[in-house]
1. Could you count how many residues in segment A:90-148 are part of a helix (DSSP H, G or I) and not aromatic (Phe, Trp, Tyr)?
2. I'd like to check which helices (runs of 4 or more DSSP H) are fully inside segment B:172-263 and have at least 2 residues that are touching a residue at least 40 places away in the same chain (Cβ under 8 Å).
3. Would you mind stating whether residue A:199 is touching a Lys or Arg at 6+ places or on another chain (Cβ under 7 Å), surrounded by 20 or more Cβ atoms within 10 Å (Cβ to Cβ) and under 29 Å from residue A:58 (Cβ atoms)?
4. Residue A:94 - would you say it is within 18 Å of residue B:104 (Cβ to Cβ) and of a type in the set (A, V, I, L, M, F, W, C)?
5. Within the set of pairs 6+ apart or on separate chains, which have a first residue in segment A:64-90 that is within 8 Å of chain B (Cβ to nearest Cβ) and within 19 Å of residue B:23 (Cα to Cα), a second that is aromatic (Phe, Trp, Tyr) and buried (at least 19 other Cβ atoms within 10 Å of the Cβ), and C-beta atoms under 6 Å apart?
6. Please enumerate the residues belonging to segment A:63-82 that are over 23 Å from the mean Cα position of the chain (by Cα) and surrounded by fewer than 19 Cβ atoms within 10 Å (Cβ to Cβ).
7. With respect to residue A:191, is the statement that it is outside any helix (DSSP H, G or I) and either closer than 21 Å to residue A:1 by Cβ or not acidic (Asp, Glu) (or both) true?
8. Count, please, the residues in segment B:19-41 that happen to be more than 10 Å from every other protein chain (Cβ to nearest Cβ) and part of a helix (DSSP H, G or I).
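The values are calculated or read from the model by the stated rules, or taken from the named source; none is laboratory data. Treat the numbers as computed from the prediction; the structure is a model and nothing was measured. Note that each Cβ is placed from the backbone with ideal geometry, even for glycine, and that neighbours are counted across all protein chains shown.
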Amino acid sequence: MIRLENVTKIYHTRQGSHTVLDGVDLQVGKGVKVGIMGRNGSGKSTLIRLISGAELPTSGRVRRTISVSWPLAFGGAFQAYLTGLDNVRFICRIYGVSYANVVRFVEEFSELGSYLREPVRHYSGGMRARLAFALSMAIEFDCFLIDEVIVVGDSRFHEKCRIELFEKRKDRALILVSHDVNTIKAHCECASVLHDGKLHSFEHVDDAYAFYQTSLH
Amino acid sequence: MYDETSFARSLQIQFRVIGALLMREIITRYGRDNLGFLWLFVEPMLFTLFVTALWTTTGLAHGRDLPIVAFAVTGYSSVLLWRNCANRCVMAIPPNLGLLYHRNVRVLDLFISRILLEIAGATISFVVLATFFTAFGWMEPPADVVGMLYGWLFLGWFAAALALVVGALTAYTEVAERLWHPISYILFPLSGALFMVDWLPSNFQKFVLILPMVHGVEMLRGGYFGSAVRTHFDVGYLFVACLVMTLIGLALVKDAGLRVEVE
């Protein structure tokens, strides 16, 4: 279970303090798939950062009894001067998992071949994304965080990612942030809408979408 | 519950994370080519060697009859210890923000791993140089190794505490970074590396003894030179200064961790 209790996040900007999240509550049980909708700048990514633990709430609590992934296919933690494999090794050490198994999976899945032995700064954007996605799948989590579904690689690779995440791991929980209702409809059973710092939760995606539509005006 | 993880388990995770960060830092900074991680202590060693050579040829900072090589090695190694630790923690967070998405990596770990690496580098460099010079007869064996060890341990603690304070302050404002560099420049000649406190006029002695690292350097040299020097240090003062700085540093780092904003 992931539980946000009265979570508030205030950022200090040049224009003074700015409350992005204002007393947000959210519960995500094991295997539940939740969509989060909201306009640009409504705080969707902030919410993901707080759930992932990258940032801490100004007040309130984030509790986790299941393991939560870093945002899917996030490559920002790569050290560009290290090789792909050295980056993989670092992630393995952080999570305390066996290097050999992860490397085998990453080599096979990412299809990067000998590039894995090159510094990441020599990778194209697509290659980075493939490595990042492969790593996301190589370490097992109970809940995956997705901040906008990004298209990784060509359509064949994209299909491979879809199978790996949505089919092979369909028993896992999912928190999917998107402003596209079709993506959320396709993968989530319930949804919440972020509006003016408050999170409104709905049991059905359609109700959430209807609320989202009215909140736009 | 992750936020109710036992202390032992948290400690285990923290060790694992710091270990991973250390390896990442070593490979990133030194690579696997040529000397590789040996640069960790070869670099400070070269620094000390050049300074020793300079001091020996110019006779700088040497009005007394102490052997100049030993004086330079003990002094400059101490400077490297606190200065490198603090310098490495300046602006340590921004290039590593992405790592915070891996929840077990905390801001404190970024600082600790860098501090450990610098302490290791400075310590190995000091030991290797001292051993080398002693073997070639350029330095006498120390009078009291245990006394030296105490001095070095205190200097290491001071370096870590200073690095936490300076590093965390640069997370608040870039002004701290700009101020730190001139401050460290001024601190170098005042830090005890260039003089024995006993050589100074007594009113100036009181002033430099406000600086905690002066006590550490006096302890270190007291251990090395033994009865050949008259030392001025107060272990109690050094202990309290290090403790207070550590607590301030940890509080600042914790607060910086709360405020950190990931892209």
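1. Residues that pass the stated criteria total 33.
2. B:174-190, B:212-225, B:235-259
3. Values: touching a Lys or Arg at 6+ places or on another chain (Cβ under 7 Å): no; surrounded by 20 or more Cβ atoms within 10 Å (Cβ to Cβ): yes; under 29 Å from residue A:58 (Cβ atoms): yes.
Here the answer is no, as residue A:199 does not meet what is asked.
4. On the way: within 18 Å of residue B:104 (Cβ to Cβ): yes; of a type in the set (A, V, I, L, M, F, W, C): yes.
It is true that residue A:94 is within 18 Å of residue B:104 (Cβ to Cβ) and of a type in the set (A, V, I, L, M, F, W, C).
5. Sorted first by the residue in segment A:64-90, then by its partner, the pairs are A:77/B:101.
6. Hit for segment A:63-82 is A:81, nothing else.
7. Values: outside any helix (DSSP H, G or I): yes; either closer than 21 Å to residue A:1 by Cβ or not acidic (Asp, Glu) (or both): yes.
Spelling it out, residue A:191 is indeed outside any helix (DSSP H, G or I) and either closer than 21 Å to residue A:1 by Cβ or not acidic (Asp, Glu) (or both).
8. The initial filter retains those residues of segment B:19-41 that are more than 10 Å from every other protein chain (Cβ to nearest Cβ), namely B:26, B:30, B:33-41.
Filter again for part of a helix (DSSP H, G or I), leaving B:26, B:30, B:36-41.
Count: 8.
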